[in-house]
Structure formats: structure tokens, C-alpha cells
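The values are calculated or read from the model by the stated rules, or taken from the named source; none is laboratory data. All values reported here derive from a predicted model rather than from experimental measurement. Cβ placement follows ideal geometry from the backbone for every residue including glycine, while neighbour counts extend to all protein chains displayed. We work out accessible area using only protein heavy atoms, side chains counted, and drop any ligands, DNA or RNA first. Shrake-Rupley method; radii C 1.70, N 1.55, O 1.52, S 1.80 Å.
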Amino acid sequence: MYTQETIKPYAADGSKTEQVETMFDNIAPTYDRLNHRLSWNIDRRWRRKAISLLEPYHPQDMLDIATGTGDFAIMAARMLQPRRLIGADISEKMMDVGRQKVVAAGLQQVISFEREDCQALSYPDATFDAVTAAFGIRNFADLDLGLREMCRVLRPGGHLSIAELTTPVGTPMKQLFHVYSHTVLPLYGRLVSKDSSAYTYLTRTIEAFPQGERMVQILRDAGFREASFHRLTFGICTVYFAAK
């Protein structure tokens, strides 16, 4: 079993889930600006790749886990044109930003947001054709439990597509990313978000998160089949794709 319960945003008492909710509520107003600037807007390309893997299957009922401000949900709705797409997250303030973006995009008839503990989803078994997640599952206190829940709500034959930040495996990018993630990322994140812990926590979760073949095995153990991964931009992001 893999767990990240010990890696928390703040030193204060409280469960990881509670602290993650507080952290994202704190950084919600600046989250999009920071995300795009810190990745030089390459994060949009990573999302597009993860969504494109679902195109051959034409999913109609979709769930976007840890949806945040809805960037992935909006792009998926435009590219895949599902009948229904639910964005689930524990942070209402992040989803409030997403709701405004969905209205501006004219997608409110397709996309809705619901507050959910992604490790204990309220949806019945076999509800969705596709489940997606972009840059959020690192924040699960119990990754195995979260993935089992994602598998549970998928219909048989449904697909999972995940984009997640990872550490590069080759030189010199591995060393360059280490310097960037320990200096520029937390400093700029602290200056813009005014949260002194959030982007230091981000670096810690990236470094601790299982990747590559190890993550594929974790997906299989959670009940998925045909799991695979694709490293993007020298391994700064990895897309995982699996079927139920």
C-alpha cells in the first residue's frame, strides 16, 4: 500500500485531507496564474495529451477528479463533447473559480461541480465512461484508496486518464528540475500566492510520488487493466492511461 498521509502542507494538527482543502482554498485566487507561469504554459499541452487518449472511446459521462479550477474539465468538454462532465474537488473556492470559467465558456449545460472526498466518492458503482485527473492525485492521503474509488465508479470497459507532475529520470534535466523545484518554484509561489507552505509542499509531493512502472503496478493493483504511461517534456509530466 502506498500512502502520502505524512506529507502535509502545514505543520499544524489536522488530517492531510483537511490541510489540502485549506491550502487550495488559500491559493485559489492565484492558482491558474501560477500554474501557467510556472510551467511556461506547457501544462495546457500536457492536459491536451491526456484528453486525446480518450478520443477514440467517445465517453459520454465523465468525472474529473481533483478538478480544481476546471481547466481540465473545460478542455475535455470541448475536445470530447460528452453529455455530462462532473468536476469533483474538496475545495469549494477552487471550484467557485471553475464555475465562473464554465459560465464564461458557455459550458454550464455540460459541466457541473460537486464537492467530494475523492477517497470516498458518493457516486454508485459503474457510473462513468471515463475518469480523469490532472495534477491532483498527489494530494491523496491514501493513493491506493483513491484509485480504487476511481475504478469503482468506472463502467466496465471505461477508461482512466491521469496527467501528473513527476521528476525527470535523465540527466541533465533531472538535476535542472531539482534546482528549479527547490528554488524558483517555492519562491515565486510564495510571493504570488502569499502561502509560504503551498509550493514547498508541491515539490515534496512530486518527489515522493510513485512514477513510471511503479505507478502502473499500483494502477493494476487498484483494479485497472492495460495500464501504461507516457513521459512528456523530459519526464516533468507523466500521463497514465488505463482501462477497467
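When you count the other C-beta atoms within 10 angstrom of each residue and take the mean per peptide, 65-72, 95-102, 183-190 line up highest first as 65-72, 95-102, 183-190. Each residue of the chain gets 110 Å³ once the volume of the Cα convex hull is shared out per residue. The alpha-carbon positions of segment 67-161 define a convex hull whose volume is 90 Å³ per residue.
For the chain, the Cβ-based charge dipole about the Cα centre amounts to some 860 debye (Lys, Arg positive; Asp, Glu negative; other atoms uncharged).
When +1 charges are put on Lys and Arg Cβ atoms and -1 charges on Asp and Glu Cβ atoms, the dipole computed for segment 123-244 relative to its Cα centre reaches about 200 debye.
With +1 on each Lys and Arg Cβ and -1 on each Asp and Glu Cβ, and nothing else charged, work out how big the dipole of segment 54-167 is about its Cα centre, in Debye to the nearest 20.
300
Here the translational diffusion coefficient of segment 1-110 follows from Stokes-Einstein with Rh set to the Kirkwood radius across Cα pairs; for 20 °C and 1.002 mPa s it amounts to 141 µm²/s. When the GluC sites (Glu not before Pro) in segment 1-85 are filtered for DSSP coil states and for at most 12 other beta-carbon atoms within 10 Å of their beta-carbon, the remaining sites are 5. Bridging of residue 8 to aspartates and glutamates at a Cα separation below 17 Å is possible for 18, 21, 25, 117, 142, 195, 207, once same-chain residues fewer than 8 apart are set aside.
Averaged per residue, the chain has 44 square angstrom of accessible surface, using a 1.4 angstrom probe with ligands and nucleic acids left out. Screening the chain for whole DSSP H helices with an alpha carbon extent of at least 24 angstrom along the helix axis and a mean Kyte-Doolittle hydropathy of at least 0.5 yields nothing.
Give the distance, in whole Å, between the Cα centre of segment 202-235 and the Cα centre of segment 123-193. So the separation of the two Cα centres works out to 8 Å.
At full extension, residue 217 and residue 171 could sit 14.0 nm farther apart than now, given 0.36 nm per residue minus the alpha carbon distance. Taking residue 49 as the anchor, which lysines have their alpha carbon closer than 28 Å to its alpha carbon, excluding any fewer than eight residues away along the same chain? Filter leaves 93, 101, 174, 244. Taking the Cα centre of the chain as the origin and placing charges on Cβ (Lys, Arg +1; Asp, Glu -1), which of 228, 198, 160 is farthest toward the positive end of the dipole? With unit charges placed on the Cβ atoms, the residue in question is 228. Where only DSSP H runs of four or more residues are counted, the chain gives -13000 deg cm²/dmol as its mean residue ellipticity at 222 nm, each run worth -39500 (n - 2.57). Within the accessible area of the chain, the carbon and sulfur atoms contribute 54%, probe 1.4 Å, all protein chains present. The alpha-carbon atoms of segment 131-244 define a convex hull whose volume equals 97 cubic angstrom per residue.
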